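Take a look at the structure below.
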Amino acid sequence: MSNFIGIRHEDKYKLERRAPLTPKHVARLVKQKKLDIIVQTSDKRVFSDDEYIQAGAIIADDLKKCSVIFGVKEMPESFFEPEKTYVFFAHVVKGQSHNMAMLRRMMELKCNLIEYEKVVDEQGKRLIFFGRYAGMAGMINSLWALGLRLKELGFNSNLTRLKQAHHYPSLREAKDDISAIGQLIAENGISHELRPFVIGFTGYGNVSQGAQEIIGLLPVKEISPEKLLDLHQRKKLPDNIVYKVIFKEEDLVEHIHNEPFELHDYYANPQNYRSKFEQYIPYLSMLINCVYWDKRYPRLVTKEYLEKLHAKGTPRLTMIGDISCDVEGSIECTLKPTEIDDPIFVYDPETGKIRMGHKGPGMLVMAVDILPAELPRDSSDGFADVLVNFVKPIADADFDEHFDDLDLPKPIKKALILHKGELTPDFKYIEEFLK
């Protein structure tokens, strides 16, 4: 088998323009590591074929010569070839039903599968991720959508100057626009009817940090969840401040038997906890959801609560940026993930239905599920900065060795889901989902 390294073009989404390795990183691998790299031609990738040629790569229609292939999103079953190694976001570790057929095919062909999501350090912290860029793109989109919604509700705001994230040539230009709006807020203030303007962030990981990086371009003051409840009682507040509140797990849930909150116990026994987030929702102007969620955990914003909230009149909460984008998950009114070219909808609590766009009664929701793809050049560059360090060891590994003898960096070996078509020890549990 050849030792060519392949970079696949992305075809799962129309507007997916990212690459796992950029021309800059390819040049480093070719010149310093003496690797032969083939890049599958693409007319939509944010980096042109010519950029990769200048970096020393070969451009080809297919990757049949390659023994190791890097991608970003899931690959079609027809793409896999026997005994090759594939590195991508496979989205199978939760037993995702829509990807089990893909996994079965890889097993039949005795493929090796390395999942970016499981490349972690000794503390379990992810090393290769797009999360920060999801947060930044999600925050840009949410501010843009908020401007549209406020205008629809009769408020003039400087946010109407913003564009959706993917319309900016670079992250720098988006940041420049938001910084200019921040200056106008500092100078001219916020409409009296909208004050105090409070943005709540659920979660504090990479995604939340990316979103907060964007909101930090506005004149922001951070307050605690406890102080949020008192904020609206104050008669005199600055008119040119945006308030930020970060909600951690202990702010979001409580023990059903009123026992003290313990983070480890919450993750181990989530069935013993219920949401207490509803007490804060009436005081938020905007909610940015960045938490990890699966069906074991309590929801933070339910359909039932939104129905009660809207029955009292137009709430202060104007829009939800659901960056986590779990369908009917922590934000139950996220009934579907949205596309980059149709990114927002209004959920009507009375009917339980959604209407695409920013008009109509209900709650505006932004729920794009491939947000880093809206900043393709910047997010690819940040992703590849880490991935590039693992390419040579993966290329040099002899995957015919027994799993115990594989010479791979520890974080990569931890992320090896399939070895010669067999589930590795840490991932044997997936057999239950394959049935």
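Below are the figures for this structure:
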{"item": "Options Gly71, Gly56; residue that is surrounded by 22 or more Cβ atoms within 10 Å (Cβ to Cβ) and of a type in the set (Gly, Ala, Ser)", "result": "Gly71"}
{"item": "Output for segment 301-324, where each listed residue is of a type in the set (Ser, Thr, Tyr), surrounded by 15 or more Cβ atoms within 10 Å (Cβ to Cβ) and assigned to a loop (DSSP other than H, G, I, E, B)", "result": "Thr302, Thr318, Ser324"}
{"item": "Qualifying residue in segment 413-420 (condition: at pLDDT 95 or above and assigned to a helix (DSSP H, G or I))", "result": "yes"}
{"item": "Residue match in segment 248-257 (condition: surrounded by fewer than 11 Cβ atoms within 10 Å (Cβ to Cβ) and closer than 30 Å to Lys295 by Cβ)", "result": "yes"}
{"item": "Subset of segment 159-178 (residues that are in a helix (DSSP H, G or I) and touching a Gly at 6+ places or on another chain (Cβ under 7 Å))", "result": "Leu159, Thr160"}
{"item": "Matching residues in segment 140-168 - criterion: being touching a residue at least 12 places away in the same chain (Cβ under 8 Å), more than 16 Å from Leu317 (Cα to Cα) and within 22 Å of the chain's Cα centre (by Cα)", "result": "Ile140, Asn141, Leu162, Lys163, Gln164, Ala165, His166, Tyr168"}
{"item": "Any pair with Cβ under 9 angstrom, 6 or more apart, that starts in segment 410-431 at a residue that is under 11 Å from Met106 (Cα atoms) and basic (Lys, Arg) and ends at one that is assigned to a strand (DSSP E or B) and modelled with pLDDT of 95 or more", "result": "Lys420/Asn112"}
{"item": "Candidates Lys151, Lys175, filtered to the one that is assigned by TED's automatic domain parsing to the domain that holds Pro343, within 18 Å of Asp381 (Cα to Cα) and of a type in the set (Lys, Arg)", "result": "Lys175"}
{"item": "Among (1) surrounded by 21 or more Cβ atoms within 10 Å (Cβ to Cβ); (2) on the phi > 0 side of the Ramachandran plot, the one test that Lys110 misses", "result": "(1)"}
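The values are calculated or read from the model by the stated rules, or taken from the named source; none is laboratory data. Everything numeric here is computed off the predicted structure, so don't read it as measured data. Methodologically, a virtual Cβ is constructed for each residue, glycine included, from the backbone with ideal geometry; neighbour enumeration extends over all protein chains shown.
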